[in-house]
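Structure first, commentary second.
The values are calculated or read from the model by the stated rules, or taken from the named source; none is laboratory data. Quantities reported herein were computed from a predicted structural model and do not represent experimental measurements. Ideal geometry is used to build each Cβ from the backbone, glycine not excepted, and the neighbour counts take in all protein chains shown. Side chains are part of the model used for accessible areas, which takes the heavy atoms of the whole protein and leaves out ligands, DNA and RNA. Shrake-Rupley method; radii C 1.70, N 1.55, O 1.52, S 1.80 Å.
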Amino acid sequence: MTEEEKEPGVSHFTLFVGGLRFIFDLILLCVVLLCIGFIIFARNLERPQEGPVRAADGISVLTGGGSRIDEAMKLLANHKASRVLITGVYKKTTKAQLKSLASQGDQLFTCCVDLDYEARNTIDNATETAEWVAKHKYNSVIVVTSNYHMPRALAELGRAMPGVTLIPYSVVDNNVHLEHWWAYPGTAKLLVSEYLKYLPAVARLGATNLMRRALSGRGTVTAEDRPEP
């Protein structure tokens with residue numbers, strides 16, 4: 001066999017090895033980017049709420065801890081909004097049980113608190129909140145949830161309610177140690193899980209925004225397209 005006949009085989013093998021190396025490098029790059037993104041995500045989580053909170057039309061509190069409801073009712077009692085939506089309430093939970101979680105503003109449960117029993121996840125929370133906001137014609141909402149959950153909540157709410165101003169109010173869970181999260185396996189596992197759920201939420205938000213821009217652009221009439229008078 002001549003050298004010329006051997007070259008194609010060598011070339012194919014070289015291409016195969018090069019392709020594997022490219023795939024490996026691509027996977028490695030993705031892993032590195034994911035790790036960097038996670039570190040930024042963990043470091044940028046909201047710390048305890050400080051300073052005055054901007055007033056809004058309504059307050060949406062995403063269930064998942066009694067402290068969230070307590071903080072939301074404090075905001076309502078301090079006239080930061082006119083109404084509260086508690087979304088994602090367990091079907092067997094009564095308003096009286098939720099009322100007992102409030103250290104302030106419990107008397108406002110009768111007049112100014114709405115309960116959503118339908119939501120089962122953050123996407124549902126966003127859908128139910130959007131319907132509530134549309135019903136009351138609100139333009140701004142204070143979002144109350146845990147600090148580690150806030151980025152994903154804002155992404156889903158922003159997707160469901162374009163044009164509505166979202167004001168984050170983070171509640172700190174004492175069982176979540178953000179300062180040295182790597183030293184606490186439970187906190188590290190929680191943050192990794194939340195980060196992996198946050199990425200698709202951001203992707204959905206970006207895709208929805210692109211679709212809205214495309215649709216709005218499609219309906220725009222340029223000067224060249226306008227008919228002559």
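Shown in residue order for segment 98-108 are the 3J(HN,Hα) couplings computed by the Karplus curve 6.51 cos²θ - 1.76 cosθ + 1.60 at θ = phi - 60°: 5, 4, 5, 7, 8, 7, 9, x, 5, 5, 8 Hz (x for Gly and Pro).
What accessible area per residue, rounded to a whole number of Å², is obtained for the chain using a probe radius of 1.4 Å? Mind dumping the intermediate values first?
On the way: 14140 Å² over 229 residues.
So the chain comes to 62 Å² accessible per residue, rounded to a whole number.
At most 14 other Cβ atoms within 10 Å plus a DSSP loop assignment makes a site exposed; report the longest stretch of the chain without any exposed trypsin sites (Lys or Arg not before Pro). Before the final figure, lay out each step's value.
On the way: sites that count: ARG54, LYS91, LYS92, ARG120, LYS137.
In short, 138-229.
How do THR94, THR122 rank by accessible surface area computed with a 1.4 Å probe, from largest to smallest? Display every interim value, and only then the final one.
Numbers: THR94 65, THR122 15 Å².
Listed by decreasing accessible area, they come as THR94, THR122.
With springs only between Cα atoms under 10 Å, which of LEU45, LEU108, LEU215 fluctuates most in a Gaussian network model of the chain? Fluctuation is largest for LEU215. Loop-located chymotrypsin sites (Phe, Trp or Tyr not before Pro) in segment 93-145 (DSSP state not H, G, I, E or B) with no more than 15 neighbouring Cβ atoms inside 10 Å: TYR117. For the chain, the mean residue ellipticity at 222 nm estimated from helices alone is -18000 deg cm²/dmol, where every DSSP H run of n ≥ 4 contributes -39500 (n - 2.57) and the total is divided by all residues, rounded to the nearest 500.
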